[in-house]
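Participant: The structure follows.
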Amino acid sequence: MPTDTTIPPVTRFAPSPSGHLHVGGARTALFCWAFAKGRGGKFLIRIEDTDQKRSSDAASVGFLKDLDWLGIRWDEGPEYTAPDGTVVGGGPNGSYFQSERLEIYARYTEKLLVEGKAYEAWDSQDELEAMRKEAAARKEAFRYRFRGEVTPDQRARYIAEGRVPVVRFRSPQAAVTINDEVLGDATLPAGEVDDFVIRKKDGFPTYHFAVVVDDELMGVTHVLRAQEHFTNTAKHILLQDALGFRRPTYGHLSIIKNPDDSKMSKRDKDKVLRKAVKEKALTAPPAGTVTAEEWSRWIGDDNVQLDLDGAIRLAEALKVTLPEINVDDFRRSGYLPEVICNFLALNGWSPGHDIEKFDNAFLKERFSLDRVMKTPAKFDRVKLLAFNTDAITGMPPDDFARRCHAHAVQYRPDYLAKLGDANFALLMKACQERSKTLDDPFRSNGFLLVADEALAFSDDKNVRKALGIGAAPADGSKTGLDHLRTLRGVLAGLPEWTQPALEGAANAYAVEHAQGKIGSVAQPLRIGVSGGTVSPPIWDTLVLVGRDSALRRIDRCVQWAEGLK
RNA sequence: GGCCCCAUCGUCUAGCCUGGUCUAGGACACCUCCCUUUCACGGAGGUAACGAGGGUUCGAAUCCCUCUGGGGUCACCA
């Protein structure tokens, strides 16, 4: 069925309540948004909270913040006030929380009941289980079918027994053809769909029923959702026909996988931690990570997830890196929202013509269902990082500084407190071309934060080599440590502590004492003030650390290095 | 297991619908070299794929069949 381009499409993103937006969900939302907005249509959000076992408090719509951060805004849906004060959401189609639409579903359930297209079923869980087992024994797939009329007498008896019925849909035994704009048409043979439940014992509709009713009432024309729903679609089509509803156009999106081919999942963080715990054979939580109670609950059940803060603390203690799974994880790691969108879109869609870099405006303009991939994509974080690096190094310096500052306010307040405005600006200038994320200027320069007395010098191969420890030059020439010692005095006598002054002095020194090889004096200096062999350009680093601190640190370094011999 | 879907470099993909221009293109990763005060950036090269087998055709990555492999789904979860 070709897409009717004359009517502005309406799409929706309909997740179950969640505090965090998962990468896969983000892509679905992005595609829904791009498809509708690129065609003058509407994009709406609906919360599928018909499972009472899942909490649905305010935190359940935390993912709206992530969506907004990505630059995806909805025309209708839950209300949300963006950081810039804009109020998003609302709309004429009633509550966008399914749990608040119960009377609507009841009306349609009643209609089907009256028309004989649905019926009450009184089976208990145990009885259903027995039927399933029986079918399994016969090596058949279990499909629930109408089990005969229940007489008023029987009904009264069931009620007296305290049974509560569910309502099941009397599925027509007909082949169902699903028209899918991504996968193409597929026909399920007659009898594949059983008499599934549409109203649960607790009175709530099942997902299948609520979805069909809401999509009709909200005027949804295109349903773009994860491929796991593909088979469900037959149920929805049958229901739409029975209710006299319009059939939306479908498009089923492939899942996103981890590099190891497993499905990308919220549990991946815990998986990494469990593996580390097992490898280290830990039997108790490291101090300051999680409580003993949380630990035992978590260890005892693979389905239990640690809360984010606890997981982060544990990861630090175990020295493992948690995989980024949620949009917010990537935000925290310093990825740019426009890059996330770009990359996400590339996982499953391509504009062709070897175009890879584009923004949401382009995506909106060019997105079409016929170019959506049918195959699952592996989420390649390395390529994402490369994209992020390109975006960051290509950014106007002022933008970089501004966005890093915003990032620091959120996630690195300690740097803001420690560095003054001038030094913050200098750090930005020194770091942009070597940063892959907005977080890199902070994450890789921890030495700026520590007290001089607390700076740890790392005893590794590169440090030893640069300082000439353990392997003094055979020709008797000076070691890095010798240079550092002498240079300390030179620098201490400098009239001013600026990059040109420092560079000039060090260069003059190198020409005179190190065959002009600036590297042999720069590295020892770097180790002296940063504790290691990696830092921003040395002259900037020296200024950032400051004269007094730099000299103190060099003294400590010399002392430390002498102790090594 | 039943049913449905899918299959191009290690990865994301272009090409497939409308067979020849594909000795299969791009990007990330990887390797080599260059640049370099560290790290990173950058520059120049390079390795690398049509899952297998049958057809159809003058000609197939492109069309058909089989096999193999992968995914999804079979809940009073969504």
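The values are calculated or read from the model by the stated rules, or taken from the named source; none is laboratory data. It should be emphasised that the depicted structure is a prediction, and the values quoted were computed from it without experimental measurement. So basically every Cβ, Gly included, is an ideal-geometry build from the backbone, and we count neighbours across all protein chains shown.
Participant: So which residues in the range A:222-241 are more than 8 Å from RNA strand B (Cβ to nearest atom), assigned to a helix (DSSP H, G or I) and either of a type outside the set (Gly, Ala, Ser) or surrounded by fewer than 18 Cβ atoms within 10 Å (Cβ to Cβ) (or both), if there are any at all?
Facilitator: A:Thr233, A:Lys235, A:His236, A:Ile237, A:Leu238, A:Leu239, A:Gln240, A:Asp241
Participant: Restricting to the range A:249-305, and then to whatever is among the β-branched types (Val, Ile, Thr) and in a loop (DSSP other than H, G, I, E, B), can you tell me which residue is farthest from RNA strand B (Cβ to nearest atom)?
Facilitator: Just the residues of the range A:249-305 that are among the β-branched types (Val, Ile, Thr), to begin with: A:249, A:255-256, A:272, A:277, A:283, A:289-291, A:299, A:304.
Next, from what is left, pick out any that are in a loop (DSSP other than H, G, I, E, B): A:255, A:283, A:289-291, A:304.
On the way: A:Ile255: 6, A:Thr283: 33, A:Thr289: 29, A:Val290: 27, A:Thr291: 29, A:Val304: 17 Å.
So, considering only residues that are among the β-branched types (Val, Ile, Thr) and in a loop (DSSP other than H, G, I, E, B), the one farthest from RNA strand B (Cβ to nearest atom) is A:Thr283.
Participant: Take the range A:76-100 and flag every residue that is part of a loop (DSSP other than H, G, I, E, B) and more than 24 Å from A:Arg331 (Cβ to Cβ).
Facilitator: A:Gly91, A:Pro92, A:Asn93, A:Gly94, A:Ser95, A:Tyr96 - these are the residues of the range A:76-100 that are part of a loop (DSSP other than H, G, I, E, B) and more than 24 Å from A:Arg331 (Cβ to Cβ).
Participant: Then there is this: Give the residue, chosen from A:Arg145, A:Arg155, A:Arg168, that is touching a Ser or Thr at 6+ places or on another chain (Cβ under 9 Å), without any contact (Cβ under 8 Å) to a residue 60 or more places away in the chain and under 18 Å from A:Leu113 (Cβ atoms).
Facilitator: A:Arg145
Participant: Within the range A:360-402, work out how many residues are more than 10 Å from RNA strand B (Cβ to nearest atom) and in a helix (DSSP H, G or I). Outline the logic, then answer.
Facilitator: Start the filter on the range A:360-402 by keeping residues that are more than 10 Å from RNA strand B (Cβ to nearest atom), which leaves A:360-369, A:388, A:391, A:395-402.
In the following step, the residues that additionally are in a helix (DSSP H, G or I) were identified as A:360-366, A:369, A:388, A:391, A:397-402.
Residues that pass the stated criteria total 16.
Participant: Take the residues in the range A:200-221 that are hydrophobic (A, V, I, L, M, F, W, C) and outside any loop (DSSP other than H, G, I, E, B), then tell me which one is nearest to A:Trp122 (Cα to Cα). Don't jump to the end; show me each part of the working.
Facilitator: Going through the range A:200-221, the residues hydrophobic (A, V, I, L, M, F, W, C) turn out to be A:204, A:209-213, A:217-218, A:220.
This time we only want the ones that are outside any loop (DSSP other than H, G, I, E, B), so: A:209-213, A:217.
Values: A:Phe209: 19, A:Ala210: 21, A:Val211: 24, A:Val212: 24, A:Val213: 24, A:Leu217: 30 Å.
Selected residue: A:Phe209.
Participant: When you go through (1) within 16 Å of RNA strand B (Cβ to nearest atom); (2) not in a loop (DSSP other than H, G, I, E, B) one by one for A:Lys357, which number turns out not to apply?
Facilitator: Checking A:Lys357 against (1) within 16 Å of RNA strand B (Cβ to nearest atom); (2) not in a loop (DSSP other than H, G, I, E, B), the one that fails is (2).
Participant: Continuing with the same structure: In the range A:110-130, which residues are out of contact with any helix residue (DSSP H, G or I) (no Cβ under 9 Å at 6 or more places or on another chain), surrounded by 11 or more Cβ atoms within 10 Å (Cβ to Cβ) and farther than 18 Å from A:Arg163 by Cα?
Facilitator: A:Glu110, A:Leu113
Participant: Criterion first (surrounded by fewer than 17 Cβ atoms within 10 Å (Cβ to Cβ) and on the phi > 0 side of the Ramachandran plot) does A:Gly85 satisfy it? Full working, then the answer.
Facilitator: Numbers: surrounded by fewer than 17 Cβ atoms within 10 Å (Cβ to Cβ): yes; on the phi > 0 side of the Ramachandran plot: yes.
Yes, satisfied.
Participant: Right, something else. State which residue is modelled with the lowest pLDDT when the search covers only the range A:257-306 and only residues that are closer than 25 Å to A:Asn326 by Cα and in contact with a Pro (Cβ under 7 Å, 6 or more places away or on another chain).
Facilitator: A:Asp268
Participant: Follow-up. Output yes when any residue across the range A:40-48 is surrounded by 24 or more Cβ atoms within 10 Å (Cβ to Cβ), assigned to a helix (DSSP H, G or I), hydrophobic (A, V, I, L, M, F, W, C) and modelled with pLDDT of 95 or more, and no when none is.
Facilitator: Scanning the range A:40-48 turns up no residue that is surrounded by 24 or more Cβ atoms within 10 Å (Cβ to Cβ), assigned to a helix (DSSP H, G or I), hydrophobic (A, V, I, L, M, F, W, C) and modelled with pLDDT of 95 or more.
Participant: Just wondering, is there one or more residues in the range A:409-424 that are within 16 Å of RNA strand B (Cβ to nearest atom) and touching a helix residue (DSSP H, G or I) at 6+ places or on another chain (Cβ under 6 Å)?
Facilitator: No, the range A:409-424 contains no residue that is within 16 Å of RNA strand B (Cβ to nearest atom) and touching a helix residue (DSSP H, G or I) at 6+ places or on another chain (Cβ under 6 Å).
Participant: Does A:Asp195 qualify as being under 28 Å from A:Ser124 (Cβ atoms), charged (D, E, K, R) and touching a residue at least 40 places away in the same chain (Cβ under 8 Å)?
Facilitator: So A:Asp195 fits the description; yes.
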